[in-house]
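The values are calculated or read from the model by the stated rules, or taken from the named source; none is laboratory data. This structure is a prediction, so every number in the text was calculated from the model and none was measured. Note: ideal-geometry Cβ built from the backbone for every residue, glycine included; neighbour counts use all protein chains shown. What goes into the accessible areas is simple: the full protein's heavy atoms, side chains included, and nothing from ligands, DNA or RNA. Shrake-Rupley method; radii C 1.70, N 1.55, O 1.52, S 1.80 Å.
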Amino acid sequence: MSGWLKKYGLGLCAGVAACVLVPAAAHADGLIENVNGMTLDADGKVIRFTGMVIDDEGRVKELLDRRDKRPKDMDFQFDGKGRSLIPGFFDAHGHVMDMGFGALTLDLSDTQSLAEALAKIARYAADNPNRQWILGGGWNQETWGLGRYPTAAELDAVVGDRPVFLNRVDGHAAWANGAAMKAAGITAASKSPSGGNIIKAAGQPSGIFVDTAMSLFGDVIPAPRPVERDLALGKAQDILLANGVTSIADMGTTMQDWQSFRRAGDKGQLNIRIISYASGIEEMIGIAGPGPSPWLYDDHLRLAGVKLYVDGALGSRGALLKQPYADMANESGLAMLSPAQLKNKMSRAAMDGFQTAVHAIGDKANDEVLSAIEELRETYKGDRRWRIEHAQIIDPVDIPRFSATGTIASVQPVHQTSDRLMAEVRLGAGRLAGAYAWKSLLDSGARLAFGTDVPVESSNPFAGLAAAMTREDAAGQPFGGWMPAQRLGREQAWQAYTNGAAFAAFAEDRLGSLEPGKHADFLIIDQDILLATPDQIRALQVRETWIGGKPVFVRKP
């Protein structure tokens, strides 16, 4: 442990590859020296520096170049040893508690076939004989090349003695076994709820429940205890900090989630910055009351708005389309809300100054949200920063409406590399012009905010940067990029992951870049992000993560 770490009471935690530092001291004036520093300003212009002065509130006081005189009598000085320093990433769309629970339960995201998944489920059940329910997720029948959904019977063959409930990778479908369906009282006579679908085969529930149909299990799945929630939050923070995410927009915060965030804040254990969007109008009012909450815990927590859903996901054919699915002519998606219901909920939020973030994946869903915004903005004036989350499939004629209404496209670059083959099957080649169309959105004047949708995808932002720049996956496929005209420039992609995400959350006055007056949230990395190749960017690892001028993560050599 270095001398200055000892001086300020910062201890190292155990770990194989990495460790988290838990600060024990108050803020102090400091100098970060001998770094290859870089950040972007609000216009996307690169600012380079070799030193940074941090004030006693953990904010950037001054950026220094090589010729600038260094201040004396600093409380601490950190030698970056010539390594690169960049702002911490701001994930514009994630699910903090789901990520934490996903890391603590059965994770099928690495399985490549149904057989591999079933084997992993069987092992997990055998290793955890005392768990009343087997819970987890991450499965994807598209990755498995299955050509269909898995079934309850297949689950029953490996775990038949207790309920199993596993979320699909996108969180918009679940796979249940017979014991789980029996516990929930689901039979052949059960009806699909509005906005959901109980998939049936020969008149019997098959074991797949899409979108709101998943809620049929809500009363029988054991609810996590507060201590388990707090453990999940701690795990989520560890993952985010190791990946260089210093701020995240939590999409769908429940009252129980908020209480976990508050408990961590009260104990001084909330390291990441969380901007919450409540899971519905009732939760929004219950958490924040008459308006968005103030910033809490030195700008580590705020309830900014509400998350609403218009449709489901493309993989489960829940995305709401203007025309039927190319691979299922009798399906056009699931409407979670009617246009009237959507406008009513958005209006209820807007009247008290809450921001609305609306999930819309299909082209019809995006059209309906934009239509609602066009109507509501005549009543609710001012800087509203309406958000559409995902904006994956957009009718090209609707793209200019984002800029015209001031609507932010909150998108996830890695979804494109994960979804491209499935999107081609679901839509057909002739309907892809507005699919994951980031460059078209940006060229039209719309603002972009980048995120990961963790735990649907990894929270590692470097993979998203590389995907945005190349439209290629980690294996370099397809060569030259999928719909390469939609590739973004390096600074454009980086901006969306920093300043763009901060702007989308009304946080650009304090987060998103390393400029005087903003929080000193930064990363130490081994490569110059402005010179590294996309492959090098994808492989980057964070060496250190600092928040508010204090180290909160250091990777072991």
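Structure above, values below:
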| read-out | value |
| --- | --- |
| Nonlocal amide H pairs with residue 84, under 5 Å, H built at 1.01 Å | 36, 525, 527 |
| Amide hydrogen neighbours beyond the local backbone of residue 47, cut-off 5 Å, H modeled | 39, 40, 41 |
| Accessible area per residue in Å² at 1.4 Å probe, computed on segment 481-548 | 32 |
| Solvent-accessible area, 1.4 Å probe, carbon plus sulfur percent, for the chain | 51 |
| Acute angle (nearest 10 degrees) that the helix 461-470 long axis makes with the longest principal axis of the chain, alpha-carbon atoms | 80 |
| Listed residue (38, 501, 197) projecting farthest to the positive dipole end of the chain, Cβ model | 38 |
| Lys/Arg +1, Asp/Glu -1 at C-beta; segment 413-557 dipole; positive extreme among 423, 557, 525 | 423 |
| Using alpha-carbon coordinates, inclination of helix 413-427 to the longest axis of the chain, degrees | 20 |
| Degrees between helix 226-242 axis and first principal axis of the chain (Cα, 0 to 90, nearest 10) | 60 |
| ³J(HN,Hα), Karplus 6.51/-1.76/1.60, whole Hz, each residue of segment 281-292, x for Gly, Pro | 5, 4, 5, 4, 5, x, 7, 10, x, x, x, x |
| Placed amide H near residue 276: partners under 5 Å, 5+ positions off or other chain | 250, 302, 303, 304 |
| Cα centroid of segment 224-239 to Cα centroid of segment 491-557, whole Å | 24 |
| Rounded to the nearest 10 Å², the accessible area of residue 390 at probe 1.4 Å | 10 |
| Qualifying trypsin sites (Lys or Arg not before Pro) for segment 345-414 [loop in DSSP, other Cβ within 10 Å: at most 15] | 381 |
| Segment 305-344: relative contact order as a whole-number percent, Cα under 8 Å and 6+ apart | 39 |
| Selection of trypsin sites (Lys or Arg not before Pro), segment 81-176, meeting DSSP coil and at most 15 other Cβ within 10 Å | 81, 131, 148 |
| Contact order normalised by residue count of the chain, Cα under 8 Å, 6+ apart, percent | 17 |
| Calculated from backbone phi, Karplus (6.51, -1.76, 1.60) coupling profile of segment 317-334 in Hz, x at Gly/Pro | 6, x, 5, 7, 10, 6, 10, x, 4, 5, 9, 7, 5, 9, 10, 10, x, 10 |
| Exceeding the 24 Å Cα-Cα cut-off - candidates 343/364; 307/518; 120/235; 322/381; 61/81; 200/343 | 307/518; 322/381; 200/343 |
| Backbone HN-Hα couplings from phi across segment 117-125 [Karplus 6.51/-1.76/1.60, Hz, Gly and Pro as x] | 5, 5, 5, 5, 4, 4, 5, 4, 4 |
